[in-house]
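Comments concern the structure below.
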Amino acid sequence: MDNRFATALVIGSVLSLLSVIYLSAAVGTVSWYHYFTSPVLANVSETAANKFLGELERADEKTYTDALYHCNGSLGLWQQCIMASQPIMASQPYYQEEVLPEFRCVSLSFSDQFLEKYTHPGNHNSEVDLIRTYLWRCQFLLPLVSLGLIFFGAIIGLAGCVCRSLYPALGTGALHLLAGVCTLGAVLCFASGMYMLQKSLPPPPGVRGDYGWSFFLACVSSPLQVMAGALFLWASQASRREYSLMKAYRVA
């Protein structure tokens, strides 16, 4: 194998591994979007936290969105977390009871991901918002599809190594390109869904939202997958072209 092709395969494999690590970390963490709540809203944060943690049905989108607004919430693909206050008794009896914030999370089940979104969040009598519904479903399905494509691409690449051929790298590169498109689609679906949610249910004054590091890890993962796919495709095509030229030269 030519050193150029071997170098391209090694660099592509490293980029592919980094993209898998970044995307897996993004899917498994809860830092896709953060809400920063003003201290002025502290008097209503406890009520919102109680509703979020189980007093009302979790299927009510308005309930947990309000809790995220008022309790410095963090939003992920599979979890939603808030800063809930928990009373702590002081060691000395003459000290007052202290209230310390605690990070409390609620996991989303697979069925929760397929719940319908409504035009007016919290009002189940309103029309179903199909755009937000499918954006929500795609934002967690596409990263899983992306990881699956990279997994099958790795199997094809290992098969190529066993056969000592660069031809299977063509399939590996194509799968990585598709994985990069899926990851980019997940990022766009999440950003669009958050924009439409805040348009339907605007945050109260004093609440600021911002994207977290998990979101940016997913953003970085997409170009890494595309670059890895491009290197695999180039190595496969260039190797095949060089082999054809050598074969023609020998025949001549």
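Could you please find all residues in the range 227-247 being among the hydrophobic types (A, V, I, L, M, F, W, C) and either modelled with pLDDT of 95 or more or open to solvent by 60 Å² or more (accessible area, probe 1.4 Å) (or both)? First the steps, then the outcome.
Residues of the range 227-247 among the hydrophobic types (A, V, I, L, M, F, W, C): 227-228, 230-235, 238, 245-246.
Residues satisfying the conditions are Met227, Trp234, Leu245, Met246.
Working carefully through the options Gly148, Gly193, Gly206, Gly185, find the one that is modelled with pLDDT of 90 or more, surrounded by fewer than 15 Cβ atoms within 10 Å (Cβ to Cβ) and among the small types (Gly, Ala, Ser). Steps first, answer last, please.
Details: Gly193 fails: surrounded by fewer than 15 Cβ atoms within 10 Å (Cβ to Cβ); Gly206 fails: modelled with pLDDT of 90 or more; Gly185 fails: surrounded by fewer than 15 Cβ atoms within 10 Å (Cβ to Cβ).
Of Gly148, Gly193, Gly206, Gly185, the one residue that is modelled with pLDDT of 90 or more, surrounded by fewer than 15 Cβ atoms within 10 Å (Cβ to Cβ) and among the small types (Gly, Ala, Ser) is Gly148.
Within the range 105-117, residues that are open to solvent by less than 50 Å² (accessible area, probe 1.4 Å) reach partners that are in a loop (DSSP other than H, G, I, E, B) with beta carbons closer than 6 Å, at six or more positions or on different chains, in the pairs Leu108/Trp78; Lys117/Asp129. The number of residues in the range 105-132 that are touching a helix residue (DSSP H, G or I) at 6+ places or on another chain (Cβ under 7 Å) and modelled with pLDDT under 80 comes to 1.
Quick grid of which residues meet (1) at pLDDT below 95; (2) of a type in the set (Phe, Trp, Tyr):
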| position | (1), (2) |
| --- | --- |
| Met1 | yes, no |
| Arg4 | yes, no |
| Gly12 | yes, no |
| Leu23 | no, no |
| Phe36 | yes, yes |
| Pro39 | yes, no |
| Asn43 | yes, no |
| Ala48 | yes, no |
| Phe52 | yes, yes |
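The values are calculated or read from the model by the stated rules, or taken from the named source; none is laboratory data. On a predicted model such as this, the values are computed, not experimentally measured, just so you know. Glycine gets a Cβ as well: all are built from the backbone with ideal geometry, and neighbour counts include every protein chain shown. Keep in mind that these areas ignore ligands, DNA and RNA; they rest on the heavy atoms of the full protein, side chains included. Shrake-Rupley method; radii C 1.70, N 1.55, O 1.52, S 1.80 Å.
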